[in-house]
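Shown next, in structure tokens, is the structure this report addresses.
Just so it is clear, none of the values below were taken in a lab; they were calculated from the coordinates. Worth saying up front: this structure is predicted, and the values here are computed from it rather than measured. Counting neighbours? That spans all protein chains shown, and the Cβs are built from the backbone with ideal geometry, glycine included.
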Amino acid sequence: MASDRPLLLPSPRAPAASGGNPIPPPTTSRSSSSSRRKTAPTHSRTSSSENPTFPAEPNASSKSSFFIENLSRSGSKQQPPLPRRYSSRRSDSGRLAGSQKEISDADARLVFINDKERSNSPVRHVNNSISTTKYNPLTFLPKNLFEQFHRIAYVYFLVLAGINQVPQLGVFTPAASILPLAFVLGVTAVKDGYEDYRRHRSDGTENSRPAAVFSPSSGDYQTKPWKDIRVGEIVRVKSNETIPCDIVLLATSDPTGVAYVQTINLDGESNLKTRYAKQETQSRPPETVAGVVRCEKPNRNIYGFHANIEIDGGKRISLGPSNIILRGCELKNTSWVAGVAVYTGADTKVMLNSSGAPSKRSRLETHMNRETIILAVALFALCTTVTVLAGAWLVRHRHRLDYLPYYRKRDFSGGDESKYDYYGIGWEIVFTFFMAVILFQVMIPIALYISMELVRLGQAFFMIQDDNMFDDERGKRFQCRALNINEDLGQIKYVFSDKTGTLTENKMEFRCASVVGRDFSRTASAGEDDGVSVVVDGQIWKPKMRVRVDPELLELMQNKAGTIEANRAREFFLALAACNTIVPILAEAEDQSERLIDYQGESPDEQALVYAAAAYGFVLIERTSGHIIIDVFGQRQRFDILGLHEFDSDRKRMSVIVGFPDKTVKVFVKGADSSMFGVIDTTSNPDIIRSTKSHLHSYSSLGLRTLVIGMRELTRSQFEEWHSSYDKASTALFGRGNLLKALAVSIESNLCILGASGIEDKLQQGVPEAIESLRLAGIKVWVLTGDKQETAISIGYSCKLLTGDMTQIIINSHSKDSCKKSLEDALAMIQKVASMAPEAENSTRGADGRVPLALIIDGTSLVYILESDLEEELFKVATSCDVVLCCRVAPLQKAGIVALIKNRTDDMTLAIGDGANDVSMIQMADVGIGISGQEGRQAVMASDFAMGQFRFLVPLLLVHGHWNYQRMAYMILYNFYRNSVFVFVLFWYVLYTAFSLTSAISEWSSVLYSVIYTALPTIVVGILDKDLSRRTLLKYPQLYGSGQREERYNVKLFILTMMDSLWQSLVIFFLPFLSYRHSTIDGSSIGDLWILAVVILVNLHLGLDIFRWSWITHASIWGCIVATFICMIIIDALPILHGYWAIFRVMETWVFWFCLAGIIIAGMLPRFATKALTEFFVPSDIQIARELEKFGGVNHTRDSEVVMSTFSNHQRRSTR
């Protein structure tokens, strides 16, 4: 989302704070600090309490060029002049602010401060109660049914149930025909109702929370429930309390109007953020403020807010996102705030943004629709066959219809002849077709849909409970946010990964520095007694994290003070300590006489730099909205913060204007090298600049993240010009963002280079091994990062994404023509390498014998490629490479790369990331995974699954993904088979009953067949069955390929399954039919035999395919068979039902038991023979691995002894 937050803030943004208290000012400077805070004027943030002195005016330079680039986490690559398409939230800030116009009354919400009646007139705004429920007692039934009937299959069964109610078409009784659909709808409705009830209770708790609201009548704050807060009322919130609604700040406990809030409930970010009350309202009690807030209408943009406030008889003051606190935020490190409610209840931004995980459909479910259509065609063919044959029979016997049962034309039972249940041959044929559809309707399994939901729920439970995916560091388990794509985890072909925070820890450690052209990277180990400390009020304060220092650099600053090099080095570390938004927080230490300084901030890079500055003697010990206090080698100094230009993705820089104790004013700037070298004065110290660039290249090659530090001293006229421009820009009612950005660009010019820093972002545990396992599994891993190319390549080698034997194809182009030429050259190289493959006898080559290739491309090239007709060429090059590494890419470019594969292949894609810049990529991929990392939870909230470490991908895909796919694929085929056997038995019976569409199987047995007789075993197997153990799947990642090749679910298997069901139905029907053909057995008795045979056979069929038996599996299969006998005995024991006592009569004869045994043997024989022959002569990878497990060799066999089906037949024969 975009932000229109000003690029210049009156004080730095507060950092993340998990606990602790803000550091009090040291004793030596506390009184001056307090005095300054009490007497700060309105613009104290841009002026010092004492008049600064300035050096003589330098000669102005005409050089003011700079580069506009896209957002990336570290360094820098020049971008073409088309970045805005890919801009991120902060880069959008200025652009959006610049395009804003003054809000008219028609397009605005008018909020009268402390006057809820006028604020809610003439339009009455919603109160502050929230409701996340979907239903109420009146709407539950119709709304829930409406949602469920979005499934076309449910509509199909509803239509059939309705047709069955027509007397002429009734095959089943009305109750029996509606029961299966009612059961499925009822189970789903109960589940939905329970979930909604839980949401209702949660809403009640939230709405009843107390809040302090000012009452004009009593003149004091009164406690009322959150739900009763109205727009226009003044709300007071204390420290650690949650903000009840969106409020515009009027005053805070801080004299400068600063408030710190935590937005973890809003956007998932745990870092603290600063919000400000305008000085015009801060300077008076909030209860006395009278005015009107004119703000934009409610919208979802949590990073933007456009409004103004009129007070004191028409004085208009602009408001922005830094002046509003949103519902759900928590107040931290601030005693209290008071604000006016502008958005309440459903209009608050957090409620407007509340939405569930993205809805996706699994690949198996999509393929299942294909087979469902085939079954629908088969159903139509069966019904048409019966209809045609019935029509022919009616025509042939038309002269006998007067006396035949069911078809006689006349009724002779009374005194007069009358027509009896006959509508002519034409209508009878029509009735026959619809009755056939009703009788054979279970050909499309209605129970399959609810079975799939239950199986996915069970699979999700076991994934969540898997201790191998438990993040010990954060204490978080795996999260399953989308239940409908579990099986897709077993078919992934491409993994698109972010780097920082996903492959790396995003925990930065300062490693080296280049100062005045010298490289200081020979750091010493940090011992127990190492590290700096300061004494405050008799306590020893130490930085919480120790940093290794270069002794030579430390000696330079301590022992060579006064030299140019020493002065530059001091200014370098002063810049690191000052140019940031870090706030020091005190934490407890083991020694009661000590305190630890915990530097907290939004950026891990800034934290590492401040800790590094502290290690070199520049200890930041206090930060307020107007000044900072730094202990410089034991001497405490105060620096006034006169202005702060925040980082944004266009400038790629951050700057701070600092007033020194000697009254001089300097600008410190840090940023990416590409943006910094564009604003550094290259005419002075060219040797230092050249050496610094060389050091930057070396740091990047080591995988370090780099920043360049610069400085500029301001004269009086320059500072006054900037100060005047800032006043105008900050009070502009529209275009404020662009004005502030232009002001930042003007002050960040003609800089003197101080040096550069190198920060290490360590790889997460197990990343190299995880990538190697994914590679062996046939999964291509692409890394999409915003880092510099050298840094990304170095990390690529570290995590084994790149190897020494890979041929690298590097594309760094700056025009469409050069991109086209580079892609053509790459295709030529790929063809050349492919032609060399047969000559290779090298073990380092790929599985197909060719030289492994790696494509490395930058974001500049992608801008021209993704916006033109070169996408197809890029696709050909990228898919021909084993590894793709994209550097300097913007968020939407990441999504574009995923779409490149997703839209051109049928391969499954997975995207994994941890930051807001990964959201578009995660939502574009078939499966999106969010990492719960250091960059907030935006990625998690947009994902289908969430976990704590990249290495968890291996058990997730190779183990759970494999199991889920194998189980679900088999369950779908089994449901098709189970219902087809039953329908074919009914079909054969219709052929022998004059096509009258009667059924020997009782209607209640037909209903219970899919609900009780056969439903539970398939659900249990779908949740618990495991074809291979976890150890085997992790040891041989190649086994994952079965899902990629769709070995367990394809058209061929579907056809074979239908052929098997056809054979078994023939055996089930004709063996009893031939055995009882000349007997006097009635239809109900033989019908009972048929239904028992079907149930036993399909359950034994399932048992034959089970890989791992457990007591639950035994109980479900044998229990369902026993339950079938019990249900049939109960049904046939009821005199009111058709077929009374039939089961008892037929079970008395030996023929019954002979038929059951014969059906089992004859029905299962073809499947058993096929299974045995296939596993012996043409075993699959899974079957080979199962044999290893069975004979105890899986734990001792070397990898080379396992021959997979992807190898040559010659190798397999030699191994066998």
If 697, 627 are placed from fewest to most neighbouring beta carbons inside 10 Å, the sequence is 697, 627
Is the C-alpha gyration tensor of the stretch 1075-1180 telling us rounded, prolate or oblate? Criteria: a/c under 1.5 is rounded; beyond that, a/b larger than b/c is prolate, otherwise oblate. oblate
Estimate the FRET efficiency between residue 220 and residue 1126 by the formula 1/(1 + (r/R0)^6), using the beta-carbon distance for r and 60 Å for R0, to the nearest 0.05. 0.25
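Given R₀ = 41 Å, FRET efficiency for residue 876-residue 1183 by Cβ-Cβ distance, to 0.05?
0.70
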Normalising by the residue count of the stretch 1068-1170, find the relative contact order in percent from Cα pairs under 8 Å and 6+ residues apart. 41
Whole Å is fine, so just give me how far the alpha carbon centre of the stretch 611-639 lies from that of the stretch 1139-1196. 79
Could you state the number of Å between the C-alpha centres of the stretch 217-247 and the stretch 784-838? 59
Work out the FRET efficiency for residue 829 and residue 107 from their Cβ-Cβ distance, taking R0 = 60 Å, and round it to the nearest 0.05. 0.55
Proximal lysines relative to residue 1052, as straight alpha-carbon distance under 24 Å, when same-chain residues fewer than 8 apart are discounted: 493, 1026, 1171
Sequence of 230, 474 once ranked by neighbouring C-beta atoms within 10 Å, starting from the fewest: 474, 230
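Got the relative contact order for the stretch 964-1215 handy, in percent, Cα pairs under 8 Å and 6 or more residues apart?
Working: 226 pairs, mean separation 67.7, N = 252.
About 27 percent, as a whole number.
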Amide N proximity, the stretch 117-148 versus residue 196 label position 7 Å along Cα-to-Cβ, cut-off under 13 Å: 132-148
Extending each Cα 7 Å along its Cβ direction at residue 869 and residue 476, get the distance between those two points in nm, one decimal. 4.6
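Would you mind checking 238/544; 670/800; 560/666 for any pair whose Cα atoms are more than 26 angstrom apart?
On the way: 238/544 29 Å; 670/800 32 Å; 560/666 23 Å.
Checking Cα-Cα distances, 238/544; 670/800 exceed 26 Å.
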Could you list 397, 723 so that the one with the fewest beta carbons within 10 Å of its beta carbon is first and the one with the most is last? 397, 723
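Which three semi-axes in whole Å describe the equivalent ellipsoid of the stretch 964-1215, each the square root of 5 times a Cα gyration tensor eigenvalue, listed largest first?
On the way: eigenvalues 334, 67, 47 Å².
Square roots of five times the eigenvalues give 41, 18, 15 Å.
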For residue 702 and residue 134 in the same chain, what is the full-extension length gain: residue separation times 0.36 nm, less their Cα-Cα distance, in nm? 199.1 nm
